[in-house]
Amino acid sequence: MGAAEQLVTIGAVLLGALTSHFTNHSMERMRKQHELLTRWDDKKLHAYEGYIDKIRSSVFLAVRLYERREGIHPSSKNEEDLRRELLDAGWERGPSSGSCCSAVTRL
C-alpha cells in the first residue's frame, strides 16, 4: 500500500468522522429545540395546579350548599355561611369568576 492510498484512506475516515459528528450535533440540537418548545415550565404547572385546587374547592362548596338546601346532607353551617364561602372561593379563582358567583348571593 502506497503513501497516496494511505492518505486517501485517512481522508475518507476523517470525512466519515466529521459527517457523523455534524449529523449527531444537528440531531441533538433539533431534539433540544423540540424539548424546549414542548416542555412545561414549572411556573406554569404550579399556576395550573393552584387554579385546579381553587376550582375543586368551589365545586366542593357548591355541592355542600346544594346538599344543605335540598336536605340531602345536614350541615353544621347555615346556608348563608355556605353561600359566603362559595362566593369567597369564586373570588379567589379570579375577577371573572366573581360575576358568575354573584348569582349565589341572589339565591
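Scanning region 28-49 for residues being basic (K, R) and modelled with pLDDT under 80 gives a total of 2.
Each row is one residue, and each column tells you yes or no for (1) assigned to a helix (DSSP H, G or I); (2) open to solvent by 100 Å² or more (accessible area, probe 1.4 Å); (3) of a type in the set (D, E, K, R).
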site	(1), (2), (3)
T9	yes, no, no
V13	yes, no, no
G16	yes, no, no
F22	yes, yes, no
H25	yes, yes, no
E28	yes, no, yes
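The residues of region 82-91 that are at pLDDT 85 or above and surrounded by fewer than 16 Cβ atoms within 10 Å (Cβ to Cβ) amount to a single one, R84.
Screening region 70-81 for residues that are outside any helix (DSSP H, G or I) and surrounded by 12 or more Cβ atoms within 10 Å (Cβ to Cβ) and picking the one that is modelled with the lowest pLDDT gives S75.
The values are calculated or read from the model by the stated rules, or taken from the named source; none is laboratory data. What you are looking at is a predicted structure, and each value in this text was computed from that prediction instead of being measured. Here Cβ is always computed from backbone atoms with ideal geometry, including for glycine, and neighbour counts include all displayed protein chains. These accessible areas exclude ligands, DNA and RNA; they are computed on the full protein's heavy atoms, side chains included. Shrake-Rupley method; radii C 1.70, N 1.55, O 1.52, S 1.80 Å.
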